[in-house]
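S.K.: Submitted below is the structure of interest, expressed as C-alpha cells.
The values are calculated or read from the model by the stated rules, or taken from the named source; none is laboratory data. Nothing here was measured: the structure is a model prediction, and the numbers come from that model. Backbone-built Cβ (ideal geometry, glycine too); neighbour counts: all protein chains shown.
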Amino acid sequence: MDMFAVWYFVETTINGALIGLMYALIALGFVLIYKSTDAINFAQGQFVMISGVMVAALAADYGVPIVVGAIVALVFMILFNVMLERIVLRPMIGRPVVAIIMATIGLAAFLEGLFPMIFGATTRALDLGIPNDPIIIGQIYLTPINVVGGAVALTFFGAFSIFFMKSRKGVALRAVADNHQVSMAMGINVERYFVLAWSMAGVVAVLGGLLWGSAIGVDNTLAVVGLKVFPVVILGGLESIIGAIVGGIIVGVIEAWGGTYIDPAMTQPWFREFFPFEGGGTKDFLPYLLMIVVLFFKPYGLFGKVHIERV
Amino acid sequence: MLAINNIEVIYNNVVLVLKGISIDVKPQSITTILGANGAGKTTTLKSISGLLKPERGQVTRGSIEFNGERIDKLAPHETVKKGVVQVFEGRRVFTHLSIEDNLLAGAHIVSDMKTVRDMIDQVYTFFPRLKERRTGQAGYLSGGEQQMLAIGRALMSNPKMIMLDEPSLGLAPMIIEEIFDIIQRMRKEAGVTILLVEQNANLALSIADQGYVMENGSIVMEGPAKELLANSDIQEFYLGIGEGGSKKSFRDVKHYRRRKRWLG
C-alpha cells in the first residue's frame with residue numbers, strides 16, 4: 001500500500017472521530033437526563049435543532065450577533081426544559097417508561113412543526129467565524145469545524161466528569177440517579193436535581209446546535225443528528241458519560257469508513273457482479289448494525305451500569 | 001420528642017392501612033414497634049418521614065409532631081432537616097456509588113465540609129469495616145456491611161432521631177448482634193433517639209425501653225419493654241414460648257384467642 005493511502009486512512013479516521021465527539025456531545029444531553037431522571041428523551045435532536053434554528057434565524061433575519069443569539073438560545077432552552085420537566089414530566093413520575101417515551105416523541109413532532117412555523121423552513125447558514133480552509137498537519141487535512149467541535153466536546157466532557165465525580169452536587173445527582181426514594185430520605189430535594197439535569201441537557205443542546213448548525217447548515221433536518229444519538233448511547237451504555245464519548249467516536253469513525261471506503265466500492269464493476277443494485281448509503285446504517293451486534297454481547301452497552309444484585 | 005396522635009393513613013384514596021395509631025417516643029430512648037408482615041409498621045415510619053406521597057398514600061387524620069412541630073405535611077427532604085431520618089428495610093445503599101460517596105450523599109443537608117469530614121470519621125469509628133473499603137463500590141459489600149453503611153449514611157445527616165426498619169432482615173445472627181450493639185452505642189455516644197421496627201421481637205425488646213405491638217393497622221399492645229417481654233401473649237405469639245417455658249408447637253396456637261382478646 002502506498003503512503004498516500006495510509007495518510008488518507010488516518011485522515012478519514014481522525015475526521016470521523018472528531019465528528020463522533022460532536023455526536024457524543026448531543027448524546028451527553030440524553031445520558032444526563034436518563035442517568036438522573038430515568039426518562040428517555042426522544043426529543044434531544046429537536047432541542048439541538050430549535051437552538052440552532054433560533055440562533056441562525058436571529059442572526060440572518062434580525063442581525064443579532066451570534067454570541068447574543070447563543071445566549072438567548074441558552075436562556076430559552078434552560079427555561080424551556082425546566083418548564084417541560086415541571087409541566088409534562090413531573091406528573092408522570094411513577095408511570096410506565098413508555099408513557100414518558102411517548103410524551104417525548106410527541107414533543108419532538110410538535111417542536112419540528114412549531115419552529116419552522118415561527119422562523120420559516122429555509123436552510124440558513126450559521127457562521128461561527130470558523131475558517132473553511134483545512135488545517136494541514138503533515139499529510140493530514142482536517143476540517144476546522146470538526147476540530148473546534150471535538151475540542152469543545154472534550155472540554156465539556158472534562159468539566160462534566162469533574163462535576164459528577166468531585167462536587168457535592170455531583171454526588172447528590174449520582175445518588176438521585178441510583179435511587180430516587182432513598183435520595184429523598186437522605187434529605188436530597190430530588191425534584192431540584194431533576195431540574196438541574198434538564199438544564200444541563202439544555203446547555204448541551206445549544207452547544208450541539210451551534211456546532212452542528214455551523215457544520216451542516218440549519219433547518220429542520222438538523223434534528224436528524226439526534227437520531228444518531230441512539231447508536232451512540234446504546235453502544236456506550238445509557239448511563240455512562242465515558243460510554244457516550246467512546247460510543248460517539250466509534251459511530252463517527254464507522255460512518256467515515258463507510259462513506260469513504262464501502263460506498264465507493266459498491267459502485268465498482270466487480271461488486272456489481274454479485275450485488276446488482278444501486279448500493280451506497282452504508283454510512284447511514286452501519287452504526288445501527290454495529291449497535292445490534294454489540295447488544296448481542298453486552299446488553300447494557302460497553303460501559304453501561306451492570307445491575308448489581310447481592311442478597 | 002416524637003408524638004404520633006391517632007393517625008389514619010389511606011393509600012390510593014381507598015385502602016385504609018393505619019387505623020388510628022398513637023405512638024410516643026421519649027428523647028434518647030429506644031422505642032420499638034413489633035408486628036407481623038403487613039401490620040403497618042413500615043407505613044408508620046413512612047408517614048413520619050414524609051415518604052407516603054410518592055406511593056400515593058396520605059395521612060388523612062391525626063397529627064405527627066416532632067419536638068412540638070407538626071411534620072406530617074412536610075416533604076421528605078424537609079423532614080430530614082428537622083432531624084428525623086429513616087433507614088429503609090433491605091438496606092438500599094446507593095449501589096453504584098463508593099462507600100465514601102454514599103456517606104457524602106447522606107450528609108447532603110450539612111453544608112460545612114469540615115463537619116462532614118468529622119462525621120465521616122465518627123461513622124468509621126462506629127463501623128471500622130467500612131473504612132477499610134471506603135473506595136469500593138457499595139453494591140459489592142456484604143449484606144451486613146450494607147446495613148452498616150445504611151445506618152452510617154443516616155447518621156451523616158446529624159439526626160436527632162433515627163428510624164430503623166428491620167435492620168436484622170436477612171443477616172447472620174453474629175452480624176445482627178454486632179448491629180444491635182452499635183444501635184445501643186449510637187444512643188449512648190451520639191445521643192440519638194431510636195425508633196426501631198422489628199420482627200425479631202425478642203432481640204428488639206431486649207434493647208428497647210418502650211415497645212408497641214401492631215396488628216392489622218392498629219396498636220394492640222404497648223408498654224415498657226420489660227413488661228412486654230414478660231407478657232404471656234407476647235411470649236406465646238412472638239417468642240414461641242408456651243406456658244411453663246416449654247417450646248410451643250404452632251399446632252396448638254389458638255388463633256381465635258388473639259382475635260377475642262385484641263380486636264374484640
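S.K.: Hey, could you check segment B:174-209 for residues that are among the charged types (D, E, K, R) and crowded, with 18+ Cβ neighbours inside 10 Å and say which is farthest from B:Ala225 (Cα to Cα)?
M.R.: Taking segment B:174-209 and keeping what is among the charged types (D, E, K, R), we get B:177-178, B:181, B:185, B:187-189, B:198, B:209.
If we keep only those that are crowded, with 18+ Cβ neighbours inside 10 Å as well, we get B:187, B:198.
Numbers: B:Arg187: 16, B:Glu198: 13 Å.
Checking each candidate, the answer is B:Arg187.
S.K.: Oh, and also: Looking only at segment B:110-126, decide whether some residue is in contact (Cβ under 8 Å) with a residue 12 or more places away in the chain, outside any helix (DSSP H, G or I), surrounded by fewer than 24 Cβ atoms within 10 Å (Cβ to Cβ) and within 10 Å of another protein chain (Cβ to nearest Cβ).
M.R.: Within segment B:110-126 (the criterion being in contact (Cβ under 8 Å) with a residue 12 or more places away in the chain, outside any helix (DSSP H, G or I), surrounded by fewer than 24 Cβ atoms within 10 Å (Cβ to Cβ) and within 10 Å of another protein chain (Cβ to nearest Cβ)), the answer is yes, since at least one residue qualifies.
S.K.: Shifting gears a bit: Only one residue in A:Leu286, A:Leu238, A:Leu295 is in contact (Cβ under 8 Å) with a residue 60 or more places away in the chain and crowded, with 16+ Cβ neighbours inside 10 Å, so which one is that? Spell out how you get there, then give the answer.
M.R.: Working: A:Leu286 fails: in contact (Cβ under 8 Å) with a residue 60 or more places away in the chain; A:Leu295 fails: crowded, with 16+ Cβ neighbours inside 10 Å.
Unique residue meeting the criteria: A:Leu238.
Residue-wise test of (1) surrounded by fewer than 17 Cβ atoms within 10 Å (Cβ to Cβ); (2) more than 18 Å from the chain's Cα centre (by Cα); (3) more than 18 Å from A:Gly217 (Cα to Cα); (4) β-branched (Val, Ile, Thr).
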{"site": "A:Ala39", "(1), (2), (3), (4)": "no, no, yes, no"}
{"site": "A:Val48", "(1), (2), (3), (4)": "no, no, no, yes"}
{"site": "A:Gly69", "(1), (2), (3), (4)": "no, yes, no, no"}
{"site": "A:Ile78", "(1), (2), (3), (4)": "no, no, yes, yes"}
{"site": "A:Arg90", "(1), (2), (3), (4)": "yes, yes, yes, no"}
{"site": "A:Ile93", "(1), (2), (3), (4)": "yes, yes, yes, yes"}
{"site": "A:Ile101", "(1), (2), (3), (4)": "yes, no, yes, yes"}
{"site": "A:Ala108", "(1), (2), (3), (4)": "no, no, yes, no"}
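S.K.: Can you pull out every residue in segment A:173-194 that is under 16 Å from B:Ala150 (Cα atoms) and either assigned to a helix (DSSP H, G or I) or modelled with pLDDT under 90 (or both)? It would help to see each step written out before you state the result.
M.R.: Taking segment A:173-194 as the starting set, the residues that turn out to be under 16 Å from B:Ala150 (Cα atoms) are A:175-176, A:178-188.
Within segment A:173-194, A:Ala175, A:Val176, A:Asp178, A:Asn179, A:His180, A:Gln181, A:Val182, A:Ser183, A:Met184, A:Ala185 meet the criteria.
S.K.: Given (1) within 10 Å of chain A (Cβ to nearest Cβ); (2) touching a residue at least 40 places away in the same chain (Cβ under 8 Å), where does B:Gly83 come up short, assuming only one miss?
M.R.: B:Gly83 satisfies every listed condition except (1).
S.K.: Give the residue that is nearest to B:Gly50 (Cα to Cα), with candidates limited to residues of segment B:86-98 that are at the interface with chain A (Cβ under 7 Å from one of its Cβ atoms) and in contact (Cβ under 8 Å) with a residue 60 or more places away in the chain.
M.R.: So in segment B:86-98, the residues at the interface with chain A (Cβ under 7 Å from one of its Cβ atoms) come out as B:86, B:88, B:92, B:94-97.
Still in the list and also in contact (Cβ under 8 Å) with a residue 60 or more places away in the chain: B:86, B:88.
Values: B:Gln86: 10, B:Phe88: 13 Å.
So the residue we want is B:Gln86.
S.K.: Ok, one more. Among the numbered conditions (1) assigned to a helix (DSSP H, G or I); (2) surrounded by fewer than 23 Cβ atoms within 10 Å (Cβ to Cβ), tell me where B:Leu103 comes up short.
M.R.: For B:Leu103, the exception is condition (2).
S.K.: Out of (1) buried (at least 22 other Cβ atoms within 10 Å of the Cβ); (2) of a type in the set (Gly, Ala, Ser); (3) farther than 27 Å from B:Ser29 by Cβ, the odd one out for B:Gly139 is which?
M.R.: (1)
S.K.: Is it fair to say A:Phe194 is out of contact with any helix residue (DSSP H, G or I) (no Cβ under 7 Å at 6 or more places or on another chain) and closer than 24 Å to A:Leu32 by Cα?
M.R.: Working: out of contact with any helix residue (DSSP H, G or I) (no Cβ under 7 Å at 6 or more places or on another chain): no; closer than 24 Å to A:Leu32 by Cα: yes.
So A:Phe194 fails the test.
S.K.: Let me ask something else about it. Under the condition of being closer than 15 Å to A:Gly259 by Cβ and among the hydrophobic types (A, V, I, L, M, F, W, C), which residue from segment A:275-297 is modelled with the lowest pLDDT?
M.R.: Checking each candidate, the answer is A:Phe285.
S.K.: Within 27 Å of A:Ile33 (Cβ to Cβ), at pLDDT 85 or above and either polar (S, T, N, Q) or surrounded by fewer than 20 Cβ atoms within 10 Å (Cβ to Cβ) (or both): is that true of A:Leu227 in this structure?
M.R.: So A:Leu227 fails the test.
S.K.: Only one of (1) out of contact with any strand residue (DSSP E or B) (no Cβ under 9 Å at 6 or more places or on another chain); (2) part of a loop (DSSP other than H, G, I, E, B); (3) within 26 Å of A:Ile249 (Cα to Cα) fails for A:Leu25. Which number is that?
M.R.: It fails just one condition, (2).
S.K.: Additional query: Please find, among B:Leu51, B:Leu74, the residue that is more than 11 Å from chain A (Cβ to nearest Cβ) and in a loop (DSSP other than H, G, I, E, B).
M.R.: Values: B:Leu51 fails: more than 11 Å from chain A (Cβ to nearest Cβ).
The unique qualifying residue is B:Leu74.
S.K.: Enumerate the helices (runs of 4 or more DSSP H) found wholly within segment A:195-311, keeping only those where 2 or more residues are under 28 Å from A:Leu84 (Cα atoms).
M.R.: Values: elements: A:229-236, A:241-257, A:263-266, A:269-274, A:282-297.
Result: A:229-236, A:241-257.
S.K.: Could you check segment A:33-144 for helices (runs of 4 or more DSSP H) lying wholly inside it with 1 or more residues that are closer than 16 Å to A:Trp212 by Cα?
M.R.: Details: elements: A:44-62, A:66-84, A:97-119.
Once the helices (runs of 4 or more DSSP H) in segment A:33-144 are filtered for at least 1 residues that are closer than 16 Å to A:Trp212 by Cα, what remains is A:44-62, A:66-84.
S.K.: Would a scan of segment A:145-156 turn up a residue that is outside any helix (DSSP H, G or I), crowded, with 22+ Cβ neighbours inside 10 Å and away from every other protein chain (no Cβ under 14 Å)?
M.R.: Going residue by residue through segment A:145-156, those that are outside any helix (DSSP H, G or I) are none.
Among the residues of segment A:145-156, not one is outside any helix (DSSP H, G or I), crowded, with 22+ Cβ neighbours inside 10 Å and away from every other protein chain (no Cβ under 14 Å), which makes the answer no.
S.K.: Also: When you go through (1) touching a helix residue (DSSP H, G or I) at 6+ places or on another chain (Cβ under 7 Å); (2) modelled with pLDDT of 90 or more one by one for A:Thr37, which number turns out not to apply?
M.R.: If we test A:Thr37 against (1) touching a helix residue (DSSP H, G or I) at 6+ places or on another chain (Cβ under 7 Å); (2) modelled with pLDDT of 90 or more, just (2) comes out false.
S.K.: So, of the residues in segment A:168-202 that are within 25 Å of the chain's Cα centre (by Cα) and within 7 Å of chain B (Cβ to nearest Cβ), which turns out to be surrounded by the most Cβ atoms within 10 Å (Cβ to Cβ)?
M.R.: Within segment A:168-202, the match that is surrounded by the most Cβ atoms within 10 Å (Cβ to Cβ) is A:Ala175.
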